[in-house]
Protein chains: 6
Amino acid sequence: MTPYELIEYEKASPEVRAVYDDIRATRQTDFINNFWKALANDPALLARTWNLAKTTMAPGALDPLTKEMVYVAISATNQCPYCIASHSAGARAKGMTPAMFAELMAVVGLANMTNALAGAFRVPVDEAFL
Amino acid sequence: MTPYELIEYEKASPEVRAVYDDIRATRQTDFINNFWKALANDPALLARTWNLAKTTMAPGALDPLTKEMVYVAISATNQCPYCIASHSAGARAKGMTPAMFAELMAVVGLANMTNALAGAFRVPVDEAFL
Amino acid sequence: MTPYELIEYEKASPEVRAVYDDIRATRQTDFINNFWKALANDPALLARTWNLAKTTMAPGALDPLTKEMVYVAISATNQCPYCIASHSAGARAKGMTPAMFAELMAVVGLANMTNALAGAFRVPVDEAFL
Amino acid sequence: MTPYELIEYEKASPEVRAVYDDIRATRQTDFINNFWKALANDPALLARTWNLAKTTMAPGALDPLTKEMVYVAISATNQCPYCIASHSAGARAKGMTPAMFAELMAVVGLANMTNALAGAFRVPVDEAFL
Amino acid sequence: MTPYELIEYEKASPEVRAVYDDIRATRQTDFINNFWKALANDPALLARTWNLAKTTMAPGALDPLTKEMVYVAISATNQCPYCIASHSAGARAKGMTPAMFAELMAVVGLANMTNALAGAFRVPVDEAFL
Amino acid sequence: MTPYELIEYEKASPEVRAVYDDIRATRQTDFINNFWKALANDPALLARTWNLAKTTMAPGALDPLTKEMVYVAISATNQCPYCIASHSAGARAKGMTPAMFAELMAVVGLANMTNALAGAFRVPVDEAFL
């Protein structure tokens, strides 16, 4: 449960509606997920965050599926249940297969393991990596 | 500085040399980076970790470059300087361009931002994501 | 659900009651939140943690509202749902308005973003900051 | 050491110079700290991050000093050495006294302690906090 | 709720059953906890993770109870609810008393506190610790 | 480098000296490590933190070596270089052998791996663990 009202389109201010309209147009779906409905409690925060997300997740030097999988990896590392759920769904919608998810998970697990080991062993950075 | 002796090939036991030989053969380079030389202080830990890394990072449903970029993203999230350095180098060696790195960073920044926001707003998971 | 019995005042030992009495007197309310009722499973841990919290959160060089907002920011960063809930309520009770919460969230998001970026770019500390 | 060239004003492109000029004007100082010089390796990432920081850290419902102290608290929680250094300096420049820093640290320590305790005890959220 | 089917023994493939049989034999119980049933969606990931866990958690230079308590400490630090629940149960099954849990929690709290303080104060490592 | 003066015994106030004396008496050594010398910039924070550490790390239901190893595990998870260095030294001084350190590292690696996996797979907590 969220203590924040989830702002539905029908009850939203024109400022919030403009963002929702852009989310719908960009994603080509009517669905607005709860993250945006919660941020809508502060229209300026909503607009700024959406603009950043829209710019960042657009196709570019990296394809949208890769970006979504990176998002899932970070969300798992940060233990953010909402983000894991929403970006796993996003990655699946963009073409992530079960086999890709399993390999992604293997990398997530390995990286979190060796991150801790490298820290604990205080491994000095190789000159080749500077 | 590491307080652990970095075990060089010349001073390594046969057990450690076998792992180093496999690292060299798998990566097709003579270079052994310090992470493995530190783990070599415990040959069993070295062997197990290398086998896991070798299996996990091999080409499969995800290509090796994508895997390395995911590794960089997690290492940045975890603030592991050694891992950031070594896997950024790895990703560059596998073809990550400066433009790809910049877009990766944008996703890393955005994901860490929205992970905290989703937690703070206690956003309930949408039914569509269950 | 917690597997730990939440120790209610009526069933508490004199040692635990003494802490509960002090919480009530300090906060000027009869309400004891679940965090303390869970810690009460170990009276020594309860007493030590409460004494630290009481001392730390008292007015001083920083006002209580600022302290609560810092608490919310850290709890969001650590993805601790209970702590986000309890300290958001605490901050609101001390005067945090929706506008203040939204600006706090903006800082929380930005800081988590740039923390990861600074790590990933391995930015050397400026001499001016040493 | 950073492997990224720190882009100095003199060698910067017009696009990067425009951001540097805005940083200088906004902060009323000639000093550009290394974080921005590193991000300048990707002008678009630099511009977007600076615009977000400028907007977020401006005076509003929260004063700039409170915002900087929240930034320090998050940076300490995330173990980001660069961010701790730069935002501690920023907070001092905005008026944080040694006594305020000490109290901030006390809250940072306490919050990180109780975040872990609340998680470990699986404390259920009080109805009053929903 | 998990969106991943929890693979029960009866519906499992021979490859998955072999792992489940080994879990049962190693732990001397019929109970398979949900973590493994979720990983079973990818049999290779299941087998690899179980083999690593089996090897790592076996008695050796450290006894199994100490290992489980370390696991609880890390899970609390990472805010992983499932891991806190499962490894707390594991530690209790191996002999952790309420008094031991309370002392473990005290160390978990203290370590998370001083980790943040050491970072924030940028404490230089003593020569004696290099 | 720390920007905080490390307060040496000779230059310390009576209040700080009293803590240093207690550290020396408790640990039966003249050595005061830098963490305390940095905290000494705020005598009240020093005294409170030391009292908490002294109480928490004393022998009890858990032995001091186990406590130090838990500390190392958390410090590695949090990527705190100072804490890894100081508590690894502490654990060695209390009897941690290289074989014990290697097994501790194996648990640290495994726990960080499976914490992320359990989060990503959104594994529901087994009834047996509630």
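The values are calculated or read from the model by the stated rules, or taken from the named source; none is laboratory data. Since the model is a prediction, treat every value here as computed from it, not as a measurement. Backbone-built Cβ (ideal geometry, glycine too); neighbour counts: all protein chains shown. Please note that ligands, DNA and RNA were not included when accessible areas were found on the heavy atoms of the full protein model with its side chains. Shrake-Rupley method; radii C 1.70, N 1.55, O 1.52, S 1.80 Å.
Before we move on, is F:PHE101 closer than 21 Å to B:LEU52 by Cβ and among the hydrophobic types (A, V, I, L, M, F, W, C)? Answer is yes for this residue.
Scan segment D:120-130 residue by residue and report those that are open to solvent by 10 Å² or more (accessible area, probe 1.4 Å) and assigned to a helix (DSSP H, G or I). Listed by number, the residues that qualify are D:GLU127, D:ALA128, D:PHE129.
The listed residues are F:LEU52, F:LEU39, and the only one of them that is under 16 Å from the mean Cα position of the chain (by Cα), open to solvent by 10 Å² or more (accessible area, probe 1.4 Å) and under 20 Å from D:MET105 (Cα atoms) turns out to be F:LEU52. Do the conditions hold for D:ALA38, that is, is it of a type in the set (A, V, I, L, M, F, W, C), farther than 20 Å from D:ALA89 by Cα and touching a Ser or Thr at 6+ places or on another chain (Cβ under 9 Å)? Against the criterion (of a type in the set (A, V, I, L, M, F, W, C), farther than 20 Å from D:ALA89 by Cα and touching a Ser or Thr at 6+ places or on another chain (Cβ under 9 Å)), D:ALA38 does not qualify. Considering B:ALA89, B:ALA44, the condition of being under 29 Å from F:THR97 (Cα atoms) and open to solvent by 10 Å² or more (accessible area, probe 1.4 Å) is satisfied by B:ALA44 alone. Selection over segment D:55-81 of residues that are of a type in the set (Gly, Ala, Ser) and open to solvent by 40 Å² or more (accessible area, probe 1.4 Å) gives a count of 2. Kindly establish whether C:ALA120 is under 24 Å from B:GLY109 (Cα atoms) and within 11 Å of chain A (Cβ to nearest Cβ). No; evaluated as a whole, the condition is false for this residue. Within the option set F:ALA38, F:ALA91, being within 13 Å of A:ALA120 (Cβ to Cβ) and hydrophobic (A, V, I, L, M, F, W, C) holds for one residue only, F:ALA91. The helices (runs of 4 or more DSSP H) falling completely within segment E:1-115 that include 2 or more residues that are away from chain C (no Cβ under 14 Å), without any contact (Cβ under 8 Å) to a residue 40 or more places away in the chain and closer than 30 Å to D:ALA73 by Cβ map to E:64-77. Of all the numbered requirements in (1) within 15 Å of the chain's Cα centre (by Cα); (2) buried (at least 24 other Cβ atoms within 10 Å of the Cβ), B:LYS94 misses one, and that requirement is (2).
Residue-level analysis places D:LEU62 among those that are in contact with an Asp or Glu (Cβ under 7 Å, 6 or more places away or on another chain) and of a type in the set (A, V, I, L, M).
Assess whether E:VAL16 counts as being open to solvent by less than 40 Å² (accessible area, probe 1.4 Å) and in contact with a Pro (Cβ under 8 Å, 6 or more places away or on another chain). When the stated conditions are applied, E:VAL16 passes them.
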